[in-house]
Every structure is written in C-alpha cells, then in structure tokens.
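Here's the structure we're looking at; comments come further down.
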Amino acid sequence: MGVDLRQRFRVTSQRMKKYLLALAVSALALQSTFADWVIVQKSVTDGQTQEITMKIKGDKARADIGVQMSMIVDSATQETVMLMHAQKAMMKMNADSMKSMMAVAGGLLGGGEPPAKPVATGQMEKIGEHNCEIFTWSGKMGTGKFWIAKDFPDAKVLNEIQDKIMKSMGNPQASFAPQASDFPGVPVKSEMTMMGKTVVSELVSVKKDTVDATVFILPADYQEMKMPAAPAKP
C-alpha cells in the first residue's frame, strides 16, 4: 500500500502545480461573502478550457476544478483538503504547511520580497455588463493583466472575504501574485503568465443560492495521502 501511494503521489505531483496555479489565478475572480454563494468561472490554460465552480457557505468554501480536483477550505480551522478524484485520494494541509510550501517555492524562484502591486492603466473596456478599468502587474514570477469592475455590487466586502479565505490557506498567492484587496473592485477577467504558463480566466456567473452543507463532507472512500515534507530552502 505504501508503494502504491508513492506512485499515486508521483503521478499527481506534476498536475498539482498546474492546478494550484489555476486556483491561485482564479481566486482573484472567485469572490464570496458569508452568505451562500455559487460562482462559476472559465479558465483557459495551454488552449485547454475548464470550468471552476466555487461554493461558499459561512466559513467554508469548495472549489471544483473541472472533474479532476476539488479543494475544500475551512477558514475557521484554517485547514485545506485537496481531493484528487481519479485516484480517490485526499491530502490535508493546514496554514503552516501551505506557508512552508510557498516559502520554499518563493526562494527557489527568486522570491522572498514583497510582491509588486498592480498598476492602473486608465484604459477602460467592457466585459459582459461591466465597465472595467484595466490594471497590469509585473513581478519576479510573472506578469498579469486584470479587468476590474469598480461598480461590482459589494466589491469591497467581497475582496475582504476573499482575502480571509486565502489567509486560511496560508495565503499561497500573496508571495507571487496580487491579492483581491489590491484592487478597487472585482476582477471579472484576468490574464496571467507564470511558470511558463498563461492562464486566462473570466467570471461566468455569480449568484446567491443555498449551498448544501454536505458538499463539504469528505468522501469516506478516499484514502488520505500524507503531505510530503517541504525541502530545505536553498
């Protein structure tokens, strides 16, 4: 069984980078409040399109990234669980382990200093029904372009709650990308290039809808994989 789990981890580890990158980018557009919300977003990476659905209820959020992976975040306990559906496996992470992972990643990729802030260009473009101002960002780990809807309902509250959810995950995007509160509105579209990959994300729908609490229950037939120890910083 131990050998089988190690094989599963090796197969999955390469995919995790892509999914974590997609999640970090999509987090800028997946906003929430303490009410029940369902948010759908389209993400295109390397020409492949996938849909990301975020469900929020109270302090809990679940992101279904296509059919391959889900992440369940509890901001009260600061625990994140990654579900890998093909392998029927789960990996539990707390804020400290996420911070450790991102600290090592930042060191390997030249990080270790405060990330650059996004810059307003003054250019306007309409995305769907929203008039958006375009912001750009450039950091050691990549570049980005963001379409910000300043008139998005409850934008400030949405961004504050988004950052709270990310903080409970150890704020993985804070070391290499803008945070929601860095913007004067809600990002309804983003285009980011990091780690050699370009991800284009666009908000499809946001609606208040009752979320069944059972979506946050961990599947009984999934086997837990232990979080690998983070390597020492270079």
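The values are calculated or read from the model by the stated rules, or taken from the named source; none is laboratory data. These numbers come from a predicted model, not from an experiment. Cβ sites come from the backbone with ideal geometry, for glycine too, and all protein chains shown count toward neighbours.
Overview of results
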read-out	value
In region 41-54, the residues that are touching a strand residue (DSSP E or B) at 6+ places or on another chain (Cβ under 7 Å) and surrounded by fewer than 21 Cβ atoms within 10 Å (Cβ to Cβ)	42, 44, 45, 46, 49, 50, 51, 53
Subset of region 117-140 (residues that are touching a residue at least 24 places away in the same chain (Cβ under 8 Å), assigned to a strand (DSSP E or B) and not hydrophobic (A, V, I, L, M, F, W, C))	130, 133, 139
Test: residue 81 is crowded, with 16+ Cβ neighbours inside 10 Å, in a strand (DSSP E or B) and modelled with pLDDT under 90	no
Residue list for region 198-214, restricted to those being within 21 Å of residue 71 (Cα to Cα) and either surrounded by 14 or more Cβ atoms within 10 Å (Cβ to Cβ) or of a type in the set (Gly, Ala, Ser) (or both)	199, 200, 201, 202, 203, 204, 205, 206, 211, 213
Selection from region 136-161 of residues that are of a type outside the set (D, E, K, R), farther than 17 Å from residue 197 by Cβ and at pLDDT below 90	152, 153, 155, 157, 158, 159, 161
